[in-house]
Amino acid sequence: MEPHYSLVYVFLFYLFGVIALASALTFVTRKSPVAAALWLVNTMFSLAALYVMLDAQFVGVMQVLVYAGAIMVVFLFVVMLLNLGHPSELAAARGTGWKLAAGLIGLGLLSEIMVIARTKLPEQLIVPRDFNEQQLQKLNVVGMIAEPLFKDYLLAFELTSVLLLVAITGAVVLGRGRAAGAR
Amino acid sequence: MLAESLALTAALFIIGVVGVLIHRNAIIIFMCVELMLTAVNLTFVAFSRFYGTAGQVFVVFVMTVSAAEAAVGLAIIIAIFRHRQTINLKDINLLKG
């Protein structure tokens, strides 16, 4: 089912995977929000590299622009706006009992996902092996995503605009504050 | 590389879940949720190699939802901070009775 990969490819894949995993572990153990955000950016970048290696170049670019760029900047902006870098705010992690329970829940979920990942996938859904390359030849990198997005998933795409409108309205209403809302 | 991608996804997702459980800082919890969403995107991309490019379209949708979620969630955090001067979840217990 899977094509043969060169040794360099496999090595780079594992390298970026290990970087992503290590950054995520460092991210989750940080107490300072700024340090956590920067480690999360590192995770996002390694994942973008993995997307490019998995023949999803456009998604990789979107990952860097939208996640590592826009969303994380908004997070850092809020941290700095609320002035949350103080040491008093940093000691906010939960106690040992909570951490133990969280580790147990994590292990349980992990084993559950691993069991699910072993299920056999339906063969008739699998496209021919060179299908993606053909699409790439025919439509190039952006068109490969744009064509199903604007043909098969047009309704979902249009509904996404409604979602964004609702999100913008909600953010403005919530961020406006009490003084303006009391009127 | 499908199996490796799925294992990495599972590990990143679980790290996100554990982060949500062990932290009390609302902003870090939000970032953990973002990590979980990103981890799932890796599954979509890995499967899109065998099941056609539709998986990458789903990634675009997930990114949109996560951007909207970040906008609204951070607005909520700012509103809570303005109201209570803290984002420590220990102090936000109005529903506790």
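The values are calculated or read from the model by the stated rules, or taken from the named source; none is laboratory data. Note that the structure is a prediction, hence the values are computed from the model and not measured. Cβ atoms come from the backbone with ideal geometry, glycine included; neighbour counts cover every protein chain shown.
Does the range B:3-18 include one or more residues that are out of contact with any Gly (no Cβ under 6 Å at 6 or more places or on another chain) and under 25 Å from A:VAL162 (Cβ atoms)? Looking through the range B:3-18, none of the residues is out of contact with any Gly (no Cβ under 6 Å at 6 or more places or on another chain) and under 25 Å from A:VAL162 (Cβ atoms). Filtered by the rule that a residue be in contact with a helix residue (DSSP H, G or I) (Cβ under 6 Å, 6 or more places away or on another chain) and within 18 Å of A:PRO148 (Cβ to Cβ), the range B:53-97 gives B:THR53, B:ALA54, B:GLY55, B:GLN56, B:VAL57, B:PHE58, B:VAL59, B:VAL62, B:MET63, B:THR64.
Of the helices (runs of 4 or more DSSP H) contained entirely in the range A:24-96, those carrying at least 1 residues that are at pLDDT 85 or above and under 12 Å from B:THR38 (Cβ atoms) fall at A:33-53, A:57-62, A:72-81.
For the range A:22-65, what are the residues that are closer than 23 Å to B:GLY52 by Cα and at the interface with another protein chain (Cβ under 9 Å from one of its Cβ atoms)? The answer is A:LEU47, A:LEU50, A:TYR51, A:MET53, A:LEU54, A:ASP55, A:ALA56, A:PHE58, A:VAL59, A:GLY60, A:MET62, A:GLN63. Among the helices (runs of 4 or more DSSP H) confined to the range A:102-183, the ones with at least 2 residues that are more than 9 Å from every other protein chain (Cβ to nearest Cβ) and basic (Lys, Arg) are located at A:131-151. Those residues that are farther than 30 Å from B:ILE87 by Cα, in contact (Cβ under 8 Å) with a residue 24 or more places away in the chain and buried (at least 24 other Cβ atoms within 10 Å of the Cβ), I need them from the range B:3-54; list them, please. Matches in the range B:3-54: B:LEU8, B:LEU42, B:VAL45.
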